1. Is there any pair linking a residue in segment 36-62 that is at pLDDT 75 or above to one that is not in a helix (DSSP H, G or I), with Cβ under 6 Å and at least six apart or on different chains, and which?
2. Taking segment 1-23, which residues are modelled with pLDDT of 85 or more, over 15 Å from the mean Cα position of the chain (by Cα) and under 12 Å from Val39 (Cβ atoms)?
3. So, in segment 3-20, of the ones that are free of Cβ contacts under 8 Å to residues at least 24 places away in the same chain and touching a helix residue (DSSP H, G or I) at 6+ places or on another chain (Cβ under 7 Å), which residue ends up surrounded by the most Cβ atoms within 10 Å (Cβ to Cβ)?
Amino acid sequence: MPWWSVLLFLALSLLLWMRGRSDRDDVIGLFTKFLAVLVLVVVVVAGQPLLLELALLALALWLPSALHCERQGGGGLES
C-alpha cells in the first residue's frame, strides 16, 4: 500500500472518529466509531506501515501495568 493511501486512510479514520464523538445519536455515533476502527484495522493489516506499528508499540509500553494500578488504587473491589 503506498504511503499516500496510508495517510488518506488515517485521515479518514480520524475524521470518522471525530464525527462519531460529536454525533448526538448514540447508535449512529457508535457505528461511525466502529467504521473508524475498521478503517484503522485495514491500514494496520494491509498497509503495515512501520511508523504506525512503532507508535502503537510505544503506546503499549507507555501504558501503566495492572499491577502498578492495583498497588496505587487499593486493589479494586473490596467488600
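The values are calculated or read from the model by the stated rules, or taken from the named source; none is laboratory data. This structure is a prediction, so every number in the text was calculated from the model and none was measured. Note that we place each Cβ from the backbone using ideal geometry, even for glycine, and neighbour counts take in every protein chain shown.
1. These pairs meet every condition: Ala46/Met1.
2. Listed by number, the list holds a single entry, Leu8.
3. Leu16
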